[in-house]
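Let me begin by presenting the structure, written as structure tokens, before commenting on it.
The values are calculated or read from the model by the stated rules, or taken from the named source; none is laboratory data. If you're wondering where the values come from, they're calculated on a predicted model, not measured in any experiment. FYI the Cβ positions are ideal-geometry reconstructions off the backbone, even for glycines, and counts take in every protein chain you see.
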Amino acid sequence: AIRTSRDGDVALTANHVGRVDLLLRGDAGLAVLMDNRRLALDITSRLDELDAFAQRSEAELEAASSLSVAEVERRSLDLARLKDVNWAIRNDRLRNAVAVFDLAGTGATDSARNAYFSIQQAFAALDRMEVRGRDSALREGADPLGRHGWRSGQHRRRETSESRHRDRRVPRRTSGLHDHSVATRLR
């Protein structure tokens, strides 16, 4: 992949890095990374080189004015693919290997590592759900980080809630007196 990046071929580089990503997936990829810590360091170094290559290629693409729209789109897709597989290796494959190593420690059997890998995957899924939930809350007006002040976040939530209740399609619950069909739907 590094050799093809030196030739400037983004699509071919993305294909090579994509194959590496596939090889590093699952229990077998985890075992390779955990059994060979030097390989993980070498991969990180190569990813840094590939990130620099992607940045250079992107700058060249932005500066190119004689390319057709179709060619710009094709090259943009190749760059996006390269960045995606670089990210996946760095943030999924390598990060999971480190996390499993932290959980399992040295000398863990293959079955113990695989079990910790399953646990790590569950942790990663929970983290992704947390981020998505936080992002959704920010879109709805909540401000958990306080960048715009807690009161402004409360005000936006109150406005959203009130406008939702003005809409007759959304039932509003009041002091325990409900239409039976509304109560059934809310359970």
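Observations on the model:
- Identification of helices (runs of 4 or more DSSP H) wholly contained in segment 24-139 with 2 or more residues that are loosely packed, with under 13 Cβ neighbours inside 10 Å yields 26-35, 37-63, 69-88, 110-139.
- Odd one out for Ala112 among (1) at pLDDT below 90; (2) at negative phi: (1)
- Filtering segment 79-97 to residues that are in contact (Cβ under 8 Å) with a residue 24 or more places away in the chain, over 16 Å from Leu12 (Cβ atoms) and among the hydrophobic types (A, V, I, L, M, F, W, C) leaves Ala88, Ile89, Leu94, Ala97.
- Boolean, Leu12 is without any contact (Cβ under 8 Å) to a residue 40 or more places away in the chain and touching a Lys or Arg at 6+ places or on another chain (Cβ under 8 Å): no
- Criterion: free of Cβ contacts under 8 Å to residues at least 12 places away in the same chain and out of contact with any His (no Cβ under 8 Å at 6 or more places or on another chain) - qualifying residue of Ser76, Ser57, Ser65: Ser65
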